[in-house]
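**Q** Please find one structure pasted underneath; my questions will follow.
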Amino acid sequence: GGEGHACYRIPSIVRAANGDLLAFAEGRRDSCSDSTPTIRVVSKRSRDNGRTWEPLQIVAQHLHAAGEYALMNPSPVVDSVRGDGRIVLLYNASTSNEWDLARGVGQSQTFCVISYDHGETWDEPREISAEIRGAPHWPIQRPTLGHALQRRDGRIIHASTITVGVASVFDSQNVLFWSDDLGESWHCG
């Protein structure tokens with residue numbers, strides 16, 4: 001209930017290559033509800049192994065004519081192969097709630113945002129929905145909760161929750177998608 005948001009949900013935490021801890025969450029501005037329309041991807045940093053935390057940083061927020069998109073499921077991974085400070089973060093964005101999406105109103109989008117300096121700054125979000133949407137009849141596709149994995153060869157692997165046709169989020173399925181170039185391009189399995 002602090003720093004400009006009513007609630008923080010869906011946390012994940014990673015250790016950057018410089019040793020800092022970065023905690024990510026959904027910053028829900030108006031309420032804790034999944035249906036609240038204004039949700040941002042936020043982060044806090046600890047430089048002392050979690051003893052103290054710096055002020056909240058808004059990593060991503062998307063504005064549209066009627067307000068803000070609901071950004072959900074921040075899913076980070078630290079590039080441990082190169083160890084050069086890169087953090088790749090995916091999240092889901094939607095102007096429609098999950099029930100409208102299940103009825104065929106709109107589609108969710110997945111965005112990728114990359115930091116090259118251990119999460120101090122972030123580049124502009126890039127939509128990757130077309131790259132990872134395995135079929136046009138998947139109205140909901142989003143990174144799962146938590147964070148991605150990186151193999152020793154550098155491949156970043158995300159699990160993804162999808163719905164098919166008019167299925168509700170309670171009848172979702174899972175697929176994998178990956179990047180072999182540290183988040184520059186993505187492929188669906």
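**Q** Roughly speaking, what % of Cα-Cα pairs in the stretch 67-189 are separated by over 21 Å, rounded to a whole number?
**A** Considering the stretch 67-189, 36 percent of its Cα-Cα pairs are separated by more than 21 Å.
**Q** Something else about it: Compute and list, largest first, the equivalent-ellipsoid semi-axes of the stretch 1-131 from the alpha carbon gyration tensor, each √(5λ) rounded to a whole angstrom. Don't skip to the end; give the middle numbers.
**A** On the way: eigenvalues 138, 64, 24 Å².
Output for the stretch 1-131: semi-axes of 26, 18, 11 Å.
**Q** Compute the accessible area per residue over the stretch 72-189, keeping the other protein chains in place, probe 1.4 Å, unit Å².
**A** Per-residue value: 45 Å².
**Q** Around LEU22, with a cut-off of 14 angstrom between Cβ atoms, what is the net charge of the other residues, counting Lys and Arg +1 and Asp and Glu -1?
**A** -1
**Q** Based on DSSP loop calls and a cut-off of at most 16 other Cβ atoms within 10 Å, the longest stretch of the chain free of exposed GluC sites (Glu not before Pro) is what?
**A** Within the chain, the longest run free of exposed GluC sites (Glu not before Pro) spans 4-119.
**Q** So for the stretch 149-189, considering every pair of alpha-carbon atoms, how many percent are separated by more than 17 Å?
**A** Numbers: 321 of 820 pairs.
That tail contains 39 percent of the Cα-Cα pairs.
**Q** Taking all protein chains as present, what is the carbon and sulfur share of the accessible area of the stretch 118-189, in % to the nearest whole number, probe 1.4 Å?
**A** In the stretch 118-189, the share of accessible area belonging to carbon and sulfur is 55 percent.
**Q** Separate question: Do any cysteines of the chain lack a neighbour Cys whose Cβ is under 4.7 Å away, and which are they?
**A** Cysteines of the chain left without a disulfide-compatible partner: CYS112, CYS188.
**Q** Sort 152-161, 71-80, 106-115, 57-66 by the packing proxy (mean of other Cβ within 10 Å over each peptide's residues), most packed first.
**A** Ranking the peptides 152-161, 71-80, 106-115, 57-66 by packing returns 71-80, 106-115, 152-161, 57-66.
The values are calculated or read from the model by the stated rules, or taken from the named source; none is laboratory data. As the structure is a computational prediction, the values presented were derived from the model and not from experiment. Ideal geometry is used to build each Cβ from the backbone, glycine not excepted, and the neighbour counts take in all protein chains shown. Heads up: the accessible areas ignore ligands, DNA and RNA and are worked out on the full protein's heavy atoms, side chains in. Shrake-Rupley method; radii C 1.70, N 1.55, O 1.52, S 1.80 Å.
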